[in-house]
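What follows is a set of notes on a single structure, which appears directly below.
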Amino acid sequence: MEVTKKLQKLSLAALIVSLLPLVALVPVFLKITLPDGVRTVWAICNIALALSGLLFSVICVKGEESRSIVNIMSTIISAVLVLMMLGIVALALVLNFLQ
């Protein structure tokens, strides 16, 4: 019972942490230009949040008794964000070597 409550709290935390990198779209929609230092810190936070969201989600989904739609959705969101970040890094490396 106690483990289930902890996993439910971790599940909610995983969903929130998975959705936080999407906050980076707010300045884009409001057409706000951020200084370079703020953009760098924002990018590092987004990477850390996406990786920690994926870690929390995998911990929650690992056990069959704790699987729920919230856990699965947070895992999918985090995995997509991590894959996008890896794709951007790979594209940057390829473009850097082509020049």
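Taking all protein chains as shown and a probe of 1.4 angstrom, THR4 keeps an accessible surface of around 70 Å².
In order along the stretch 29-36, the Karplus-derived 3J(HN,Hα) couplings, from 6.51 cos²θ - 1.76 cosθ + 1.60 at θ = phi - 60°, round to 5, 8, 6, 9, 9, 8, x, 4 Hz, and Gly and Pro are given as x.
Under the definition of Cα pairs under 8 Å and six or more residues apart, what whole-number percent is the relative contact order of the chain?
On the way: 80 pairs, mean separation 34.4, N = 99.
Relative contact order here is 35 percent.
Sort SER52, SER18 by accessible area with a 1.4 Å probe, largest first.
On the way: SER52 35, SER18 0 Å².
Highest to lowest solvent-accessible surface, that is SER52, SER18.
So how far, in whole Å, is the C-alpha centre of the stretch 17-54 from the one of the stretch 69-88? Comparing the Cα centres of the stretch 17-54 and the stretch 69-88, I get a distance of 15 Å. Across the alpha-carbon atoms of the chain, the computed radius of gyration and Dmax are 16.2, 58 angstrom.
Rolling a 1.4 Å probe over the protein heavy atoms leaves LEU95 with an accessible area of roughly 90 Å². The aspartates and glutamates whose alpha-carbon is closer than 20 Å to the alpha-carbon of LYS6, local same-chain residues fewer than 8 away aside, are GLU64, GLU65.
What whole-number value in Å² describes the accessible area per residue of the stretch 1-88 for a 1.4 Å probe?
Details: 6140 Å² over 88 residues.
Per residue, the stretch 1-88 has 70 Å² of solvent-accessible surface.
Each Lys and Arg adds +1 at its Cβ and each Asp and Glu adds -1 at its Cβ; summed about the Cα centre, the stretch 1-95 shows a dipole of about 120 debye. Here the Karplus relation 6.51 cos²θ - 1.76 cosθ + 1.60, evaluated at θ = phi - 60°, turns the backbone of the stretch 92-99 into coupling constants of 4, 5, 5, 5, 5, 6, 6, 7 Hz, with x for every Gly and Pro.
Looking at the stretch 1-96, which trypsin sites (Lys or Arg not before Pro) are in a loop (DSSP not H, G, I, E or B) and have at most 10 other Cβ atoms within 10 Å? Kindly include the intermediate steps, with their values, before the conclusion.
Details: sites: LYS5, LYS6, LYS9, LYS31, ARG39, LYS62, ARG67; in loops: LYS31, ARG67.
Hits after loop and neighbour filter: LYS31.
The values are calculated or read from the model by the stated rules, or taken from the named source; none is laboratory data. Just so we're clear, the structure is a prediction, and the values are computed from it rather than from any experiment. Cβ: placed from backbone, ideal geometry, glycine included. Neighbour counts: every protein chain shown. For accessibility, only protein heavy atoms count, side chains too; no ligands or nucleic acids. Shrake-Rupley method; radii C 1.70, N 1.55, O 1.52, S 1.80 Å.
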